[in-house]
Amino acid sequence: MSEIRGKSNEMEIVFDSCSENESFARLVIAAFITNLDPTLEEMADIKTAVSEAVTNCVIHGYNGGAGKIRMKCRVEKRAVTIEVTDSGVGIENIEKAMEPLYTTKPELERSGMGFSFMEAFMDSLSVESTPGQGTKIVMEKVIGQNHLFEVQGA
């Protein structure tokens with residue numbers, strides 16, 4: 001198993017705000033964290049959280065219109081930090097937006113579970129937003145945390 005100990009690794013990409021790039025972002029994050037040897041569940045969790053963050057940028061940040069999405073990832077030891085940022089419309093009320101089942105786009109049959117999924121699948125989630133300027137989502141997950149607990153608890 002390949003581990004990064006005492007070192008960090010970063011990458012940053014910028015891509016167009018279109019739904020096709022959701023799968024691109026999932027592939028990029030999967031490739032970037034592969035050397036940490038995540039479990040299939042850890043990989044699926046991270047890819048799902050990234051999908052939700054990118055989808056929020058496309059649907060809500062830019063209202064389906066043109067714009068750029070920036071995804072910055074950092075690995076330090078076994079901690080993965082992912083920032084997904086847009087320069088879109090921003091969020092008026094972050095607390096309300098993070099409530100399960102709340103959506104500003106019910107006509108698009110949105111479930112309102114994006115932030116809930118990000119929170120459930122990652123170890124931490126923070127959202128910063130300024131109306132008219134955009135939103136930054138920061139998520140963290142420690143790879144191997146459950147495995148270490150299982151080994152220590154056995």
Checklist entry - Going 7 Å from the Cα of residue 76 in the Cα-to-Cβ direction, what parts of the range 27-46 have a backbone nitrogen less than 18 Å from that spot? => result 33, 36
Next on the checklist: Quick one: 3J(HN,Hα) in Hz for the range 12-21, Karplus 6.51/-1.76/1.60 with θ = phi - 60°, rounded, Gly and Pro as x.
Outcome noted: 8, 9, 10, 9, 5, 7, 9, 4, 4, 7
Checklist outcome for this item: If the label point sits 7 Å along Cα→Cβ of residue 10, residues of the range 56-84 with amide N under 20 Å come out as 69-84
Next on the checklist: Spelling out what I want: for every residue of the range 65-72, take phi, set θ = phi - 60°, compute 6.51 cos²θ - 1.76 cosθ + 1.60 (Karplus), and round to whole Hz; glycine and proline get x.
Outcome noted: x, 6, x, 10, 10, 10, 10, 10
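Which of the three applies to the range 52-103, rounded, prolate or oblate, going by the alpha-carbon gyration tensor with a ≥ b ≥ c and a/c under 1.5 meaning rounded?
Values: a/c = 2.64, a/b = 1.43, b/c = 1.85.
The shape class here is oblate.
Grab the other residues whose beta carbon is less than 13 angstrom from that of residue 74, score K and R as +1, D and E as -1, and report the net.
Working: positive: 7, 72, 77, 78, 141; negative: 10, 12, 76, 83, 140.
In short, 0.
If DNA, RNA and ligands are ignored and the probe is 1.4 Å, what is the ranking of 127, 142, 80 by accessible area, most exposed first?
Descending accessible area places them as 142, 127, 80.
The values are calculated or read from the model by the stated rules, or taken from the named source; none is laboratory data. What you are looking at is a predicted structure, and each value in this text was computed from that prediction instead of being measured. Backbone-built Cβ (ideal geometry, glycine too); neighbour counts: all protein chains shown. Remember, those area values only see protein heavy atoms, side chains included, never the ligands or the DNA or RNA. Shrake-Rupley method; radii C 1.70, N 1.55, O 1.52, S 1.80 Å.
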